[in-house]
Amino acid sequence: MTQAVATHEQYEADFRKLQESRSSDPGWLKDLRNAAFGRFQEIGFPVARKGNELWKYTDVRPLAAETFPQPAGVPASVDAAQVFPFDDGMARVAFVDGRFSQELSTPLPDGLVAMSLAQAYTEHSDDVQRHLSQHAPYADEGFTALNTAFLADGAFVLSEGAVQTPLHIVYVTTGRVVTHPRTLIVGRPTSELSVVESYVSATGGKHFTNSVTEVALEEGAQVTHRRLLIENQEAYHVATTRVHQSRDSVYRSLVYEAGGGLVRNDLTVLLDAEGAEAHLKGLYVTAGKQHVDNNVNIDHAKPHGYSRLYYKGIVDEQSKAVFGGLVLVRPGADKTDAYQEDKNLILSHEAEVDSKPALEIYADDVKAGHGATAGAIADEALFYMQSRGIDPEQAMLFLVRGFVSEILDSVTIEPLREWLVERTTQALPRFREAA
Amino acid sequence: MADLLLEVRDLHVAVGDNEILKGLSLAVNKGEVHAIMGPNGSGKSTLANVVAGKPGYTVTAGDVLYEGESILTKLPDERARAGIFLALQYPVELPGVRNRDFLRAALDALRESRGEDKVGIRDFNKLMQAKAEELGLEPDMMKRNVNEGFSGGEKKRNEILQLVVLDPTLALLDETDSGLDIDALKVVAEGVNRFGGPEKAIVLVTHYQRILDYITPDFVHVLIDGRIVRSGGRELALELEKRGYDWLREEAQAGAAPSA
Ligand SMILES: Nc1ncnc2c1ncn2[C@@H]1O[C@H](COP(=O)(O)OP(=O)(O)OP(=O)(O)O)[C@@H](O)[C@H]1O
Ligand SMILES: [Mg+2]
């Protein structure tokens with residue numbers, strides 16, 4: 001308890017310092033930060049307890065009780081080839097310990113705006129004010145309130161037309177700090193954009209990433225959004241993503257989680273106009289004592305919406321995976337077509353999965369369904385492979401790669417797909433030698 | 001004796017408390033083809049599975065020797081690398097594992113265990129394509145996931161493709177003929193015959209004598225209730241086709257000794 005008080009005091013002191021140091025920020029931004037911090041002080045972090053379905057299986061007390069300093073001074077230099085060697089052929093905007101890094105960022109293709117938020121407050125003031133904090137409300141979300149209170153730098157992305165080159169937004173953490181990365185992606189009408197948003201650690205050891213990402217798809221926009229949560233095995237990461245879809249827009253998402261000690265992916269997609277389409281895929285790979293919680297919500301607010309959710313997990317050693325979330329078909333969202341599924345492969349007797357997808361339908365003529373499974377590698381499959389001379393370790397590796405291929409085959413950026421396949425097996429200690 | 005490849009000695013096998021094989025003996029020499037016939041549930045697959053090392057069975061007595069050595073403690077993959085191959089009665093689907101990759105990994109595992117280099121991608125493709133064509137398998141099937149969405153007949157042909165590519169010493173074929181139409185049966189039988197030879201042996205489990213028109217057995221054994229109750233030549237299969245199993249069941253119950 002006393003520790004929690006101490007962390008709140010630390011956040012308060014850091015907040016005051018931030019407001020002072022950024023006195024030249026626009027008034028609306030300073031007001032927003034103030035209001036958000038006020039709200040954070042009222043509601044704090046969510047509590048895992050009965051009745052709080054959203055946080056039932058994930059206890060954030062360990063991270064709430066710990067004090068992480070704000071990044072100070074000049075960020076350490078980062079070796080891109082070492083820390084995120086998977087973005088060949090992509091344009092990049094990079095952040096080190098929450099701050100934009102010119103050095104690690106690359107030139108951008110035509111039709112794409114990608115810059116530090118700090119710069120966008122003035123250069124794209126209209127778009128920023130129209131969208132920032134409009135899709136990720138903080139009133140009932142302690143983590144979002146805290147992120148918004150510390151809004152300073154982050155990524156601002158605006159696409160116009162069809163952008164061929166994928167964009168990589170990377171957030172690197174170099175030490176024991178707390179960061180509040182903020183990303184705002186705006187897809188202009190009928191634009192096409194492919195974004196990889198990744199979170200990586202340059203070193204081992206605990207740190208806390210409290211990220212918030214807002215994605216706004218205007219009419220007919222198509223955004224493919226692949227998020228890689230691949231920080232070190234001790235990191236805490238609470239990732240909140242809020243997506244707003246306008247008419248006929250298409251949002252494709254992959255959430256890839258293979259890293260972090262305590263990870264929460266909180267994703268809500270609002271299909272707020274007719275004909276919107278969302279394809280959400282996810283792959284989580286856990287081992288050791290990792291705890292990964294995916295809470296994915298799809299909110300069908302208007303008719304003729306289409307959504308597919310397919311998450312898969314591999315859970316090994318003493319790790320724990322949680323999958324929850326709600327597909328909500330609101331009154332009037334007639335002719336919605338929605339399906340969600342979560343499949344888990346449990347590799348160890350000590351590993352645990354809680355998978356509870358849910359569906360609520362208040363509209364007419366709706367096609368909807370959901371499913372969740374969790375099981376071990378089939379003995380039959382293992383025997384079959386062995387009976388052809390393949391040893392059990394290699395057979396397991398084959399079957400695990402087979403299991404993840406359904407998700408990773410959707411990654412059309414070939415070098416990234418290959419890297420993810422490799423990363424997936426490397427995330428499982430049992431394959432580290434074999435692969 | 002010099003050519004004895006597989007010897008099953010007074011084998012007793014149980015699943016849980018349920019004894020399935022109750023003292024089964026069988027000797028297979030190189031160059032021979034043995035057919036095993038018998039009613040549903042008599043233990044034919046159990047025999048084949050235990051020889052291949054499938055887990056889930058308890059050997060309560062007896063032994064299985066391959067090339068003169070007991071293999072009961074060996075893992076299925078070790079047995080496979082020693083030259084034992086089992087074509088499954090119900091081939092397993094491997095989601096996300098491509099047929100081509102699976103076959104290549106299997107071939108490499110065998111080659112590595114013999115101290116040979118891995119197969120080059122070109123050589124492998126050539127070999128695979130030639131063999132697949134011989135068996136009437138569409139090239140496209142090699143890109144698909146193992147057995148996923150294959151028809152019954154395609155699954156069986158795929159097993160025989162593995163047999164001819166991996167080229168083991170002992171082939172255990174568990175009802176490979178079931179579910180094949182006449183043309184497919186011929187193609188599969190031709191594949192098996194091309195595989196066979198003086199250095200090989202085939203144990204073929206079947207319900208139908210029609211495959212024996214194409215693959216000529218040296219011996220036919222009748223397995224009833226966990227024991228071989230009669231062994232004979234090719235003509236025994238024809239007799240079974242006419243008379244069924246009841247007469248043998250009655251003889252066995254009356255304590256008649258099986259003929260050699
Ligand atoms: N894993 C198992 N658990 C329980 N019983 C089993 C198991 N495997 C086999 N059995 C039983 O052992 C007996 C023999 O089975 P097996 O599959 O060997 O018969 P089979 O001769 O191959 O029959 P079929 O001609 O129908 O293929 C059957 O009664 C079967 O139910
Ligand atoms: Mg059988």
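The values are calculated or read from the model by the stated rules, or taken from the named source; none is laboratory data. None of these values were measured; they are calculated from a predicted model. Here the Cβ positions follow ideal geometry from the backbone for every residue, glycine too, while neighbour counts run over all protein chains shown. In case anyone asks, the SASA skips ligands and DNA or RNA and just uses the protein heavy atoms, side chains included. Shrake-Rupley method; radii C 1.70, N 1.55, O 1.52, S 1.80 Å.
Some points to look at:
- Only residues that are open to solvent by 10 Å² or more (accessible area, probe 1.4 Å) and either touching a His at 6+ places or on another chain (Cβ under 6 Å) or more than 28 Å from A:Val163 (Cβ to Cβ) (or both) were counted across segment A:179-211, and they come to 6.
- Flag for B:Pro76 being within 14 Å of chain A (Cβ to nearest Cβ), more than 16 Å from ligand 2 (Cβ to nearest atom), open to solvent by 20 Å² or more (accessible area, probe 1.4 Å) and not hydrophobic (A, V, I, L, M, F, W, C): no
- Qualifying residue in segment B:51-63 (condition: out of contact with any helix residue (DSSP H, G or I) (no Cβ under 9 Å at 6 or more places or on another chain) and among the aliphatic types (A, V, I, L, M)): yes
- Test result for B:Asn49, surrounded by 22 or more Cβ atoms within 10 Å (Cβ to Cβ) and either among the basic types (Lys, Arg) or touching a residue at least 24 places away in the same chain (Cβ under 8 Å) (or both): yes
- When B:Glu67 is tested against (1) more than 8 Å from every other protein chain (Cβ to nearest Cβ); (2) open to solvent by less than 10 Å² (accessible area, probe 1.4 Å), exactly one condition is not met: (2).
- A count restricted to segment B:164-190 and to residues that are away from ligand 2 (no atom under 16 Å from the Cβ) and free of Cβ contacts under 8 Å to residues at least 60 places away in the same chain stands at 12.
- Every pair of residues 6+ apart whose Cβ atoms lie under 6 Å, when the first sits in segment B:197-219 and is over 21 Å from B:Arg243 (Cα atoms) while the second is open to solvent by 10 Å² or more (accessible area, probe 1.4 Å) and among the basic types (Lys, Arg): B:Glu199/B:Lys30; B:Ala201/B:Lys30
- Here the condition is being in a loop (DSSP other than H, G, I, E, B), out of contact with any Phe, Trp or Tyr (no Cβ under 6 Å at 6 or more places or on another chain) and within 16 Å of ligand 1 (Cβ to nearest atom); of B:Asn49, B:Asn40, it holds for B:Asn40 alone.
- Meets criteria (crowded, with 17+ Cβ neighbours inside 10 Å, at positive phi and touching an Asp or Glu at 6+ places or on another chain (Cβ under 7 Å)) for B:Gly83: no
- Checked against the criteria, B:Thr60 does not count as over 23 Å from B:Val146 (Cα atoms), of a type outside the set (A, V, I, L, M) and either part of a helix (DSSP H, G or I) or facing chain A (nearest Cβ under 7 Å) (or both).
- All of (1) in contact with a helix residue (DSSP H, G or I) (Cβ under 6 Å, 6 or more places away or on another chain); (2) closer than 30 Å to A:Ser194 by Cα; (3) more than 9 Å from chain B (Cβ to nearest Cβ) hold for A:Val404 with one exception: (3).
- Residue count, segment A:398-429 (criterion: open to solvent by less than 20 Å² (accessible area, probe 1.4 Å) and assigned to a helix (DSSP H, G or I)): 10
- When residues in segment A:366-397 are screened for being open to solvent by 60 Å² or more (accessible area, probe 1.4 Å), farther than 23 Å from B:Lys118 by Cα and assigned to a helix (DSSP H, G or I), 2 of them pass.
- Checked against (1) more than 18 Å from B:Asp167 (Cβ to Cβ); (2) within 16 Å of ligand 2 (Cβ to nearest atom); (3) within 14 Å of chain A (Cβ to nearest Cβ); (4) not in a loop (DSSP other than H, G, I, E, B), B:Tyr90 passes all but a single condition, namely (4).
- Residue match in segment A:97-105 (condition: in a strand (DSSP E or B), out of contact with any Gly (no Cβ under 7 Å at 6 or more places or on another chain), charged (D, E, K, R) and closer than 28 Å to A:Lys17 by Cβ): yes
- Take the conditions (1) within 16 Å of ligand 2 (Cβ to nearest atom); (2) open to solvent by 30 Å² or more (accessible area, probe 1.4 Å); B:Leu4 misses just one of them, which is (1).
- Count of segment A:150-183 residues which are of a type in the set (Val, Ile, Thr) and closer than 18 Å to A:Ala76 by Cα: 7
- Some residue of segment B:246-259 being at negative phi and within 16 Å of ligand 2 (Cβ to nearest atom): no
- Considering residues of segment B:93-130 that are polar (S, T, N, Q), away from chain A (no Cβ under 11 Å) and surrounded by fewer than 18 Cβ atoms within 10 Å (Cβ to Cβ) only, the residue farthest from the chain's Cα centre (by Cα): B:Asn125
- Reported count of residues in segment A:344-354, each being in contact (Cβ under 8 Å) with a residue 40 or more places away in the chain and either out of contact with any strand residue (DSSP E or B) (no Cβ under 9 Å at 6 or more places or on another chain) or under 17 Å from A:Asn295 (Cβ atoms) (or both), is 2.
- Test for A:Asp110: is it in a loop (DSSP other than H, G, I, E, B) and in contact with a helix residue (DSSP H, G or I) (Cβ under 9 Å, 6 or more places away or on another chain): no
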